[in-house]
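Notes to accompany the following structure.
Please treat every number below as a calculation from the coordinates, not as lab data. Computed from a prediction, not measured in an experiment: that's the story for all the values here. When we count neighbours, we look across all protein chains shown, and the Cβ atoms used for this are built from the backbone with ideal geometry, even at glycine.
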Amino acid sequence: MVTELGHFALILAFLVACVQAVVPMIGASRRLPGWMAVAEPAATAQLLLVAGSFAALTHAFIVSDFSLRLVVLNSHSAKPLLYKISGVWGNHEGSMLLWVLILALFGAMAAWFGGNLPPTLRARVLSVQAMVGVAFYAFILWTSNPFLRLETPPFDGQDLNPLLQDPGLAFHPPFLYLGYVGLSICFSFAVAALIEGRVDAAWGRWVRPWTLLSWVMLTIGIALGSWWAYYELGWGGFWFWDPVENASFMPWLLAAALLHSAIVVEKREALKSWTILLAILAFGFSLIGTFIVRSGVLTSVHAFATDPERGVFILAILVIFTGGALTLYAARAGIMQAKGVFGVVSRESALVANNILLAVACFVVFVGTLWPLVAEMAFDRKLSVGAPFFNMAFTPFMVILGLLLPLGSLLGWKRGKVGRAMRQLAPALALAVAVGALFWTMQTGRSLLGPIGMFLGTWLICGAVIDILSKLGQSRDLRRLARLPRADWGRVVAHAGLGVTMAGIAGLMAWQEEDIRAASLNEPFTVGAYEITLLDVQRIQGPNWFADQGEVSVRKADGQGGEIAHLYPQKRTYPVAKMPTTEAAIDYRFLRDIYVVLGDRQQDGGWTMRVYVKPLANWIWGGAFLMALGGALSLSDRRFRVAAGARKAAPAKGVPAE
């Protein structure tokens, strides 16, 4: 009964979305207040209905309702509760239901918090958002229905993919979807502004919070996915340049560009055309990512589906919405004339450079991701584009971006002076050069990657500190820091976080040490500065798996001090799914990780082991969460809440604008 109610609620949500897509748009074009007012209750009703549908599917997974086909394929009665719940979105159909839930959530939030938007713009935003919803509801109901019943239910299910039975993968997809599905509201604002014929400073203020929220969630989602790949897959890396990884990274790059571009629209009423284009492309790349994950055109360990019918449907959605928006963009180009004028040396120019670097970096990732498909279709050649290409082609743009960020933050609006900004940054530059030289000396002439990464990290972190201290003016009263706007704090924390991540990536890639061997029990061996001993291997039983678990002792190779860590790597087997997984054991420290993986038993009684010493590994994710924290601080600033600019743009008579 609950399942049928969930299916019925999904159909009703589709019908409500159809009404929301049509009625408010007609009302806005004809200035009919009653018709426009339909948008807000419709958005709320749509969210409640799709939330009820999602809750019904979740209930089916929790109670192990094996009359439901999706539960049979992705669950098992012995699975822990957390993974029964995460199994709801650990598959194609359930993840698409999560997609439309988040799509409806952002539409409802725009209705709830958009009270100060002009009525016609609000109606059009909610209408466009509902149009996107209509397309995805149709996709789910016609090709990916999660509520299909089985005529003869089996006794138990086939279990969820064991790689997905992990806390990191329980939380990674919801955050990721909140990010790149959240970009749909930026797309809706862009299309509504083009229809409205209004792109001004107020529009820049309205779109910034939504972009910031999406970017923060996408940052957390990507960081969680990277961390999961690091500790769960057992290969010791944090990023593989896999097509599905790139599918989330490309919208992140464009969202970062959109975030900075919207600042120029708000402050100077410049870059209007470019900002609208970024809003369209950011969501367009989210749709491209959806197509990559679910069409089967590119091979990936993360891919959900390989059904050509589904791929064609998503491709049609991509073409209709992105192509339609770009056509509208071309037709309305005349309304987006820039008003603000700024010099070549100015903060505006620095933000333009920021946008160019991020956009070109995104294009590089896009070409590298799709080139194997193009080569196979056009030249009948099987090609693989891997990490060497991406590292060589992508890294230079990030290095230049890192060099420019502190300088751009200190330049003045409209006209700036490079000399003045560099004088302020002189201590940061001196310290960064000293740190880079120190690491170059310590590593005795190895790759430049490590010293350059440490230079950039120090430059960005110290530049952020100088940026916030520059807000004190001549007074140098540190108590003023507590009164600074949260947006200022958010900017410097995010920029410092980027510096921490850059330093972590460079340190890990430049100075990692690796050892692969067949280890015998109680025979120590040395990896870098550490002595590793495999003490024992035992067979253990989990709730729905069994494993060979090693017991590993870690000490200093010089014999000074006692044991540093006692680690328990596992090689698990899930009997229902008939699939093994590797559970790495990691000793996390501030400056390094010791990473141990247990392999297969050898004929002589030993065990295959891989041991890595990974310098600064945790800095990668620490920096990412600092970036997210910076975005959250900015989002909490009163000035950047939805439609805050409306009050400033149109104050009441006799009341000065804030």
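Only counting other Cβ atoms within 10 Å, I'd like Cys462, Cys362, Cys18, Cys186 sorted with the fewest neighbours first.
The order, fewest Cβ neighbours first, is Cys18, Cys462, Cys362, Cys186.
Taking a cut-off of 16 Å between Cα atoms, list the aspartates and glutamates near Lys267, but don't count ones fewer than 8 places away on the same chain.
Result set, ordered by chain and number: Asp200, Glu348, Asp488, Glu658.
What value, in deg cm²/dmol to 500, does the helix sum -39500 (n - 2.57) over DSSP H runs of n ≥ 4 give at 222 nm once divided by the residues of the chain?
Only helices count here, giving -21000 deg cm²/dmol.
Rank Gly528, Trp210, Ala170 by how far each Cα sits towards the positive end of the charge dipole of the chain (+1 on Lys, Arg Cβ; -1 on Asp, Glu Cβ) and give me just the farthest.
Trp210
Based on Cβ point charges of +1 for Lys and Arg and -1 for Asp and Glu, what charge dipole magnitude is obtained for region 173-353 about its Cα centre, in debye rounded to the nearest 20?
Using Cβ point charges on Lys, Arg, Asp and Glu, region 173-353 gives about 620 debye.
Which whole-number percentage describes the relative contact order of region 7-77, with Cα contacts under 8 Å and a sequence gap of 6 or more?
30 percent
How long is the gain from Trp142 to Arg31 if the chain were fully straight, where each residue apart is worth 0.36 nm and the alpha carbon distance is subtracted?
Here the answer is 36.4 nm.
What are the extents of the Cα atoms of region 173-353 along their three principal axes, listed from largest to smallest and rounded to whole Å?
53, 36, 25
Report, by chain and number, residues whose modeled amide H sits under 5 Å from the one on Asp593, excluding near sequence neighbours (fewer than 5 apart, same chain).
Lys614, Leu616, Ala617
Fewest Cβ neighbours within 10 Å first, please rank Arg480, Arg30 accordingly.
The fewest-first ordering by Cβ neighbours comes to Arg30, Arg480.
By count of other Cβ within 10 Å, fewest leading, how are Ser77, Ser248, Ser127, Ser86 ordered?
Going from least to most buried by this count: Ser77, Ser248, Ser86, Ser127.
Below 29 Å, Cα to Cα, which lysines can Lys556 reach? Residues fewer than 8 away in the same chain don't count.
Lys571, Lys614
Give me the net charge for the shell around Ala193: Cβ to Cβ below 11 angstrom, other residues only, Lys and Arg +1, Asp and Glu -1.
After counting each charged neighbour, the total is +2.
If I model a spin label as a point 7 Å beyond the Cα along the Cα-Cβ vector, how far apart are those points for Gln443 and Val418 in nm?
In this crude label model, Gln443 to Val418 measures out at 2.8 nm.
Using alpha carbons only, what's the Rg to Rh ratio of region 513-617 with Rh from Kirkwood?
0.99
Evaluate the distance, in nm, between pseudo-label points positioned 7 Å from the Cα of Lys578 and of Val367 along their respective Cα→Cβ axes.
Placing both labels 7 Å along Cα→Cβ, they lie 4.5 nm apart.
Once amide H atoms are placed 1.01 Å from N in the peptide plane, what residues at a sequence separation of 5 or more from Lys556, or on another chain, have their amide H within under 5 Å of its amide H?
Residues meeting the criterion, in which the H sits 1.01 Å from N, are Glu531, Ile564.
If Lys and Arg each add +1 and Asp and Glu each add -1, what is the summed charge of the other residues whose beta carbon sits under 15 Å from the beta carbon of Arg30?
+1
Considering only the other residues whose Cβ falls under 11 Å of the Cβ of Pro615, what net charge follows from Lys and Arg at +1 and Asp and Glu at -1?
Counting the neighbours of Pro615, the net charge comes to +1.
Could you tell me which residue out of Val71, Gly408, Ala628 lies farthest along the dipole of the chain toward its positive end? Charges go on the beta carbon: Lys and Arg +1, Asp and Glu -1, centred on the Cα centre.
The residue sitting most towards the positive pole is Gly408.
Can you give me the relative contact order of the chain as a percent, contacts being Cα pairs under 8 Å and 6 or more apart?
12 percent
Taking the Cα centre of the chain as the origin, how large is its charge dipole in debye, to the nearest 20, when only Lys and Arg (+1) and Asp and Glu (-1) carry charge on their Cβ atoms? Provide the component values of the computation, followed by the final result.
Details: 52 positive and 40 negative charges, 705 e Å.
The calculation lands at about 3380 debye.
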